[in-house]
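Heads up, the thing below is written out as structure tokens.
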Number of protein chains: 2
Amino acid sequence: MYRTNTCGELTISNVGQEVTLCGWLQRSRDLGGMTFIDLRDRYGITQLAFNMETNPALCEQARRLGREYVIQVEGIVIERSSKNNKIPTGEIEIEVRSLTVLNEAKTPPFTIEDNSDGGDDLRMKYRYLDIRRNPVRRNLELRHRMAMLVRNYLNSQQFLEIETPMLIKSTPEGARDFVVPSRMNPGEFYALPQSPQQYKQLLMVAGMDRYFQIVRCFRDEDLRADRQPEFTQIDCEMSFVEQEDVLNMFEGMTKHLFKEVKGLQFDHFPRMTWHEAMRRYGSDKPDIRFGMEFVELNDVVKGKGFGLFDGAELVVGICVKGCAEYTRKQLDALTDFVKRPQVGAGSMVYVKYNADGSFKSSVDKFYTQDDQRAIADRFQAQPGDLMLILCGPAMKTRGQLCALRLEMGGQLGLRNPDVYAPLWVIDFPLLEWDDETQRFYAMHHPFTAPKPEDEALMDQPERWGDIRANAYDIVINGVEVGGGSVRIHDRTLQNKMFHTLGFSDEQAAAQFGFLMDAFTYGAPPHAGLAFGFDRLCSLFGGVDTIRDFIAFPKNNSGRDVMSGSPSPISKEQLEELQIDVKLK
Amino acid sequence: MYRTNTCGELTISNVGQEVTLCGWLQRSRDLGGMTFIDLRDRYGITQLAFNMETNPALCEQARRLGREYVIQVEGIVIERSSKNNKIPTGEIEIEVRSLTVLNEAKTPPFTIEDNSDGGDDLRMKYRYLDIRRNPVRRNLELRHRMAMLVRNYLNSQQFLEIETPMLIKSTPEGARDFVVPSRMNPGEFYALPQSPQQYKQLLMVAGMDRYFQIVRCFRDEDLRADRQPEFTQIDCEMSFVEQEDVLNMFEGMTKHLFKEVKGLQFDHFPRMTWHEAMRRYGSDKPDIRFGMEFVELNDVVKGKGFGLFDGAELVVGICVKGCAEYTRKQLDALTDFVKRPQVGAGSMVYVKYNADGSFKSSVDKFYTQDDQRAIADRFQAQPGDLMLILCGPAMKTRGQLCALRLEMGGQLGLRNPDVYAPLWVIDFPLLEWDDETQRFYAMHHPFTAPKPEDEALMDQPERWGDIRANAYDIVINGVEVGGGSVRIHDRTLQNKMFHTLGFSDEQAAAQFGFLMDAFTYGAPPHAGLAFGFDRLCSLFGGVDTIRDFIAFPKNNSGRDVMSGSPSPISKEQLEELQIDVKLK
């Protein structure tokens, strides 16, 4: 062993001990008579002291060391004269007796500090240096800890972690698969799993009763800022359970994480139907850390001669507390915000409830003071409040107002990352209409069960959009961290579902045949859920981007700029695989 | 919840309770007045009793149920009249009050019993039914348990589990990569990792200090019976350690597994150099559950006019205790065994040390009784022993004798799967000569460090074969369950190594450039090891094939016969990826 201790553990109780430490040179301070070095490893920082008077040669040697040099020192733990109470080792330092350079280091391209001077691209290229920084290291430590907590919790609940294959069969339904050419079976391809969905259902058929896996999944999608081509799920499935049992189990697990990681206790998580969430927040993943709920105004505002409102399917707004003083400029900025293509509203109406009880709005021409009071009453507004109103087709407008609500929540500091507001969203629609392809798609996936009381609607195509599923999402602070459903375990119902999705029997058999076969040999009732583990970690870490919680992430083009992957492969490799590159 | 209890937990202390159970119908016995059903779930079997007198309708219903039906029953726990002390629930049964069929089942294509009537292929096709069988279920449970034990142990030793990417850069060195075409970067490919080797070394450069990961790895090799295209490693790396520290750490982990899983305690694991292992057992993974060590005979047997021995580089044999009575037929069978192409010996010589003190050999013509006594003395043989001798080129002959030794060990019952004999094999050669390509290859990989005392030999190409590496394998019962090495952390030494392997600077930079770059920014001394997790599980499970410990394995053509993967993909998918299938 190169060391007797780490850089994070020596305290005043170790004074007098002879120790050997290893680490990286974080910084060095030359004070003439003394040179001090902060030695860093994963566990902390320990100060090294070199004395020019008592050991000038060693002190000279120390002064020549550059940042990030890897060194080993032997010395005695002594009490510091000027203590640093910000770090656990701040009361001591090492009076160094000997120094060995284990490896030199070029000057890093950015500073290895909590706030680095390196830009995103540079830090990605040198990710191994970025990870040396405390914030990144802490993220990876948190991720490790959360994985341990999850595994031990689920183990205590009799779940078995079972590894499912990574080289599986490609199924065109859903997102795009990554595929892997098979050399041993020329012309054929494996797919990388988008999730172990079918395998976990097979494990239920196999009687494994409670399955989980923290597992890598793959999706060949055009990447947004917070998407990665490979990501990690906590994937779970249970047999002989109903929706209620799944919600309780994973609410228990989530509470356990909150308690252990954040020291937070929750009574129980509120639940909201999908329809209610859409109506009150315009989103199936509402951020309920703050109110500012939607208020519908059709009956209050229509018929006053304001064409925009009169012609709209839905007029809906939010009441922003205490913002009646917003300036023209601020209001214009909000209008610009909702008009951005990402939000897509045509206009925004405001009504100010002034402190003196009067009203001022962008539609004073159409609405009298009394009309505006009626609007304010509907909002239960107080003097000093600002009402912001959008209108248009119902679902679209709700989505736009949702964006505005989140923007206002952000502006007013109501989205504190240290506050956590979990929520179950339940009763999702089973099917989703797609205008482009003119057919229904499964909102979750084709194995999701309808609510028993809605099953009869499957025989009425005109009511398909109304069928509710036994499907649920767990949402924390407006982020969907997990979701799942009760599965169809009955072959007849499954066939009906495939029919609804426009699959011929042949298509269904080709894609899901082995699963359907399995279901004829005694499938138990089962249900499950999967958490997005990267996202869960980022949420617990109080950071927005999942990339910060992945050791070696890819950029938005799916590239790892550090290793230079993907890259061309050799002619020989292509020939062995019996494939050709054919660039358009 | 569909049930109040599992099928494995009710005992005499529950008598009188009203319970609801769910499970699969294992078997049913119609005794006229009574019908009994064994109800099975993952946790056990509980007997259900139906009484024709008290509830004829229910009893009739029960009689109509087929094997593997999924049912739910409500009833009262009662004491059994005839108890079964082989199962935990054997003192009770359920007097059933009501019965619900949750799902019907077609008759399974093979019996769901410990010893099934299904052949391998059939059981693979219906793997989800195979897993219902106790032996397979227990294997997966053991695997889960071992993964939990490993993770908790390494966590307690301050290791962090860090996920490394699955979509990485292809490196032609080593075994063949599986590749993944990148749609977003047409003409370019990712590779699936053969191991996270480079990433774990980067994590050491990143200061993570102690890393592990239970991780899927991929190798596109022609498959042997005990190989899978995807397999799982316990992958580990540590900084600021020497070989001794790594051996101690993972010996500790392995002992922990032995203690927890098998109730076995070990003092410490013996160590043997690679050269010693080859000399004494003809293998770098000797099975030391039994002796029968190699005895070299050149000086005892040469010069007696037996041309085969006289012309051989090495004459070497084993002494098989108490087998002097082997018949001509048995000895012929052994000769046939060593002459099989898989073993490849030209002949086998035997010397019997008869109980009466006389000798009988297949080379009596050349060796007098005194000569044979000298041979026997060298073997330290006793009357009643049988000596088996092979000759030829040294390394080849050792390999052949190793096969014979294992065969004899097997025949004599010396390879008891309940006995465990772990061993460290150390000081592997750094380089291995390949006759075909006429160059040296790294025996482990290009990052393995030579022993410091052998470093000077790197400047003497004629001595390259003699360089020993700081590389080690952990071997249990003749199975290599893990291996690793101290890594090169010095850029100059690494360049020298690449030179030795015949890489130009450009080739080295193209393949390993980012790792080499990383090493210039302060790489700590580091070392690591990886266990083959599938193999480790099979060893602890007392079974030879890793396939039995993988939920959904592939066959020897890399096919999953259950799902029918790999399979052709659509024209559209190929076009999007800008590749063409071009069958030869």
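The values are calculated or read from the model by the stated rules, or taken from the named source; none is laboratory data. Predicted model, so just to flag it, every value in this text is computed and none were measured. Note that each Cβ is placed from the backbone with ideal geometry, even for glycine, and that neighbours are counted across all protein chains shown. Just so you know, the surface numbers come from the protein's heavy atoms only, side chains and all, with ligands and any DNA or RNA stripped out. Shrake-Rupley method; radii C 1.70, N 1.55, O 1.52, S 1.80 Å.
So is A:LEU10 open to solvent by less than 70 Å² (accessible area, probe 1.4 Å) and either under 45 Å from the mean Cα position of the chain (by Cα) or at pLDDT below 95 (or both) or not? Yes: the conditions hold for A:LEU10. Do any strands (runs of 3 or more DSSP E) lying entirely in region A:316-392 carry at least 3 residues that are closer than 18 Å to A:GLU293 by Cα and in contact with a helix residue (DSSP H, G or I) (Cβ under 9 Å, 6 or more places away or on another chain), and which ones are they? So the answer is A:349-353, A:386-392.
Is region A:159-167 home to any residue that is open to solvent by 20 Å² or more (accessible area, probe 1.4 Å) and within 8 Å of chain B (Cβ to nearest Cβ)?
Yes, region A:159-167 has at least one match.
Any chance region B:345-363 includes a residue that's of a type in the set (Lys, Arg) and crowded, with 20+ Cβ neighbours inside 10 Å? Checked against the condition, which is being of a type in the set (Lys, Arg) and crowded, with 20+ Cβ neighbours inside 10 Å, region B:345-363 yields at least one hit. Whenever a residue of region B:182-205 is under 30 Å from A:ASP41 (Cα atoms), its partners that are assigned to a helix (DSSP H, G or I), lying with C-beta atoms within less than 6 angstrom and at least six residues away or across chains, give the pairs B:GLN198/B:LEU515; B:LEU202/A:TYR128; B:LEU202/B:ALA518; B:VAL205/A:TYR128; B:VAL205/B:ALA518. Candidates are the residues of region A:108-128 that are touching a residue at least 60 places away in the same chain (Cβ under 8 Å) and farther than 29 Å from A:ALA530 by Cβ; the one that is nearest to the other protein chains (Cβ to nearest Cβ) is A:TYR128. On the basis of being open to solvent by less than 30 Å² (accessible area, probe 1.4 Å) and closer than 30 Å to A:ARG3 by Cβ, does B:ALA551 make the cut? In short, no. The strands (runs of 3 or more DSSP E) found wholly in region B:438-499 and carrying at least 2 residues that are among the β-branched types (Val, Ile, Thr) and within 30 Å of B:LYS255 (Cβ to Cβ) occupy B:471-476, B:479-486. Have a look at A:GLU95, A:GLU91, A:GLU104, A:GLU141 and point out the one that is within 7 Å of chain B (Cβ to nearest Cβ) and not hydrophobic (A, V, I, L, M, F, W, C). Checking each option against the conditions leaves just A:GLU141.
Among the residues of region A:182-203, the one identified as more than 25 Å from B:CYS537 (Cβ to Cβ), facing chain B (nearest Cβ under 7 Å) and part of a strand (DSSP E or B) is A:PHE189. Exactly one residue out of A:ALA523, A:ALA510 is in a helix (DSSP H, G or I) and within 10 Å of another protein chain (Cβ to nearest Cβ): that is A:ALA510. Of all residues in region B:174-218, those satisfying the criterion of being of a type in the set (S, T, N, Q) and open to solvent by 10 Å² or more (accessible area, probe 1.4 Å) are B:ASN185, B:GLN194, B:SER195, B:GLN197, B:GLN198.
Against the numbered list (1) open to solvent by 60 Å² or more (accessible area, probe 1.4 Å); (2) in a loop (DSSP other than H, G, I, E, B), B:ASP299 comes up short only at (2). Contact map, region A:88-106: first residue open to solvent by 20 Å² or more (accessible area, probe 1.4 Å), second residue β-branched (Val, Ile, Thr) and not in a strand (DSSP E or B), Cβ cut-off under 6 Å, separation 6 or more or different chains; pairs are A:GLU91/A:ILE12; A:LYS106/B:THR520. A:GLN369 passes every criterion in (1) over 32 Å from the mean Cα position of the chain (by Cα); (2) touching a residue at least 12 places away in the same chain (Cβ under 8 Å) apart from (2). Whenever a residue of region B:63-85 is away from chain A (no Cβ under 14 Å) and closer than 24 Å to A:GLY207 by Cα, its partners that are open to solvent by 40 Å² or more (accessible area, probe 1.4 Å) and modelled with pLDDT under 95, lying with C-beta atoms within less than 7 angstrom and at least six residues away or across chains, give the pairs B:ARG63/B:ASP30. Based on what the data block shows, is A:ASN155 open to solvent by 10 Å² or more (accessible area, probe 1.4 Å), at the interface with chain B (Cβ under 10 Å from one of its Cβ atoms), in a loop (DSSP other than H, G, I, E, B) and under 27 Å from B:PHE533 (Cβ atoms)? So A:ASN155 fails the test. The selection criterion, being surrounded by fewer than 16 Cβ atoms within 10 Å (Cβ to Cβ) and outside any loop (DSSP other than H, G, I, E, B), holds for A:VAL261. For region A:387-440, a tally of residues being touching a residue at least 12 places away in the same chain (Cβ under 8 Å), among the charged types (D, E, K, R) and out of contact with any strand residue (DSSP E or B) (no Cβ under 6 Å at 6 or more places or on another chain) returns 6.
More than 7 Å from every other protein chain (Cβ to nearest Cβ) and on the phi < 0 side of the Ramachandran plot: does that describe B:GLN213? The answer is yes for B:GLN213. Residues of region B:26-50 that are within 15 Å of B:GLU74 (Cα to Cα), crowded, with 22+ Cβ neighbours inside 10 Å and either out of contact with any helix residue (DSSP H, G or I) (no Cβ under 9 Å at 6 or more places or on another chain) or outside the structural domain of B:GLN61 (by TED's automatic domain parsing) (or both): B:LEU39, B:THR46. Evaluating B:LEU414 against the criteria (1) in contact with a Phe, Trp or Tyr (Cβ under 6 Å, 6 or more places away or on another chain); (2) at pLDDT below 95 leaves one unmet condition, (2). Only a single item in (1) more than 29 Å from the chain's Cα centre (by Cα); (2) at pLDDT 95 or above; (3) of a type in the set (A, V, I, L, M, F, W, C) is not met by A:PHE428, and it is number (1). Considering A:LEU457, A:LEU404, A:LEU412, the condition of being open to solvent by 30 Å² or more (accessible area, probe 1.4 Å) and among the hydrophobic types (A, V, I, L, M, F, W, C) is satisfied by A:LEU412 alone. If we scan region B:169-177, do we find a residue that is within 7 Å of another protein chain (Cβ to nearest Cβ) and outside any loop (DSSP other than H, G, I, E, B)? No, every residue in region B:169-177 fails to be within 7 Å of another protein chain (Cβ to nearest Cβ) and outside any loop (DSSP other than H, G, I, E, B). Taken over region A:13-24, the criterion of being within 16 Å of A:SER98 (Cβ to Cβ) and surrounded by 16 or more Cβ atoms within 10 Å (Cβ to Cβ) is satisfied by A:VAL19, A:THR20, A:LEU21, A:CYS22, A:GLY23. Restricting attention to region B:272-291, does a residue exist that is among the basic types (Lys, Arg) and within 30 Å of B:TYR367 (Cα to Cα)? Taking every residue of region B:272-291 in turn, at least one turns out to be among the basic types (Lys, Arg) and within 30 Å of B:TYR367 (Cα to Cα).
Scanning region A:216-255 for residues that are more than 9 Å from chain B (Cβ to nearest Cβ) and assigned to a strand (DSSP E or B) yields A:CYS217, A:PHE231, A:GLN233, A:ILE234, A:ASP235, A:CYS236, A:GLU237, A:MET238.
Within the set B:THR448, B:THR437, the sole residue that is open to solvent by less than 50 Å² (accessible area, probe 1.4 Å), over 20 Å from B:ASP287 (Cβ atoms) and among the β-branched types (Val, Ile, Thr) turns out to be B:THR448.
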